[in-house]
1. Of everything in region 176-196, what is crowded, with 23+ Cβ neighbours inside 10 Å and β-branched (Val, Ile, Thr)? Give them in sequence order.
2. Going through region 56-76 one residue at a time, which ones are within 23 Å of the chain's Cα centre (by Cα), of a type in the set (A, V, I, L, M) and surrounded by fewer than 19 Cβ atoms within 10 Å (Cβ to Cβ)?
3. Looking at this structure, is residue 150 over 21 Å from residue 238 (Cβ atoms), modelled with pLDDT of 95 or more and surrounded by 19 or more Cβ atoms within 10 Å (Cβ to Cβ)?
4. Of the residues that make up region 32-55, is at least one more than 24 Å from the chain's Cα centre (by Cα) and surrounded by fewer than 17 Cβ atoms within 10 Å (Cβ to Cβ)?
5. In region 77-95, which residues are more than 19 Å from the chain's Cα centre (by Cα) and hydrophobic (A, V, I, L, M, F, W, C)?
6. Name, by its number, the condition in (1) surrounded by fewer than 17 Cβ atoms within 10 Å (Cβ to Cβ); (2) in contact with a Ser or Thr (Cβ under 8 Å, 6 or more places away or on another chain); (3) under 15 Å from residue 103 (Cβ atoms) that does not hold for residue 23.
7. List, please: which pairs have Cβ atoms under 8 Å, are six or more places apart or on different chains, and start with a residue in region 272-284 that is in a loop (DSSP other than H, G, I, E, B) and hydrophobic (A, V, I, L, M, F, W, C) and end with one that is surrounded by fewer than 12 Cβ atoms within 10 Å (Cβ to Cβ) and at pLDDT 95 or above?
8. Can you tell me which condition residue 95 does not meet? The list is (1) surrounded by 14 or more Cβ atoms within 10 Å (Cβ to Cβ); (2) touching a residue at least 60 places away in the same chain (Cβ under 8 Å), and all the others hold.
Amino acid sequence: MGYEYSGDAHGELVESYRADEPPFPTDTSRNYPRRDSLRDEPPLLKQLLFPQCWNATELLDDPDETRARLTELGICIHKGITAYSGHDADDLTATVDRTLDQLPAIRRHLKKDVEAAYKGDPAAKSYCEIIRSYPGFHAILTHRVAHILYEEDRFKYARELAEYSKVETGIDIHPGAEICEYFFVDHGTGVVIGETATVGDWVRIYQNVTLGALHFEEEEGENHMLAKDYKRHPDIGDHVVIGAGSNVLGPVEIGDHVSIGANSWVTDDVPDNTSVFISDHPDQERKSNR
């Protein structure tokens, strides 16, 4: 039996499309260049979440067409989770339905992420530029869907989507990480966010930042086996900026309104309203090459 979406998200999505106002794209006459993908899920997600930017304007006023596109995505997800599951394929339909049902809420989150990127990057010229071109936005778009699948205990397929996103963007976000609203990764190459990390509202991260583990515990009685399912990664508060090349390691708490300067190494809690920076940079010497 094939998958067919039977929920109500198609109607909600079309209402959401109709409610869009500038600076979100509203011009339906544009035909953007193709950006092909090696998987079916990313282009379907982009079309369903921002049809104006991905040549899918037929969705804007047609709930039936939107439902058909949801079914296409649902077939991909159904196939993906079935491959990793011992359950009968029919038993997994409810998981796919619950995932697709959350796309309208994900779209609301992503519009806030676009706003955060526009406000947080002096180089940003338009919302459409962010939606189509910013690797940080592409990474969080995939992550918000992968995280739902992770919470549905579909860990392997969620990780597969996350790994594909890393290949496309250079940003490695584990699907278990909990990321709140208005999230922005600028440039993004080399960013790593671990499984048990949490990230608050209005957090801005620059390239080559790691929210990672400081050390690993070994499983008792198991030779060379590292322990699993324990807190290893940091909790980042609201309104935090983490500069390029910084490492925040271990289950530490970073408070609200914290600024962590470039190349910092943070392994202890940081209280609210604090700036962390390297006070003594190495002296720089210069000599002529002539």
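The values are calculated or read from the model by the stated rules, or taken from the named source; none is laboratory data. No experiment lies behind these values; they were computed from the predicted model shown. Glycine also receives a Cβ, built like all others from the backbone with ideal geometry; neighbour counts cover every protein chain displayed.
1. Across region 176-196, the qualifying residues are 185, 191, 193.
2. 75
3. Yes; evaluated as a whole, the condition is true for this residue.
4. Here is the first cut: in region 32-55, the residues more than 24 Å from the chain's Cα centre (by Cα) are none.
Looking through region 32-55, none of the residues is more than 24 Å from the chain's Cα centre (by Cα) and surrounded by fewer than 17 Cβ atoms within 10 Å (Cβ to Cβ).
5. Those that are more than 19 Å from the chain's Cα centre (by Cα) and hydrophobic (A, V, I, L, M, F, W, C): 81, 83, 89, 92, 94.
6. Failed condition: (3).
7. From region 272-284, no pairs qualify.
8. Residue 95 satisfies all of (1) surrounded by 14 or more Cβ atoms within 10 Å (Cβ to Cβ); (2) touching a residue at least 60 places away in the same chain (Cβ under 8 Å) except (2).
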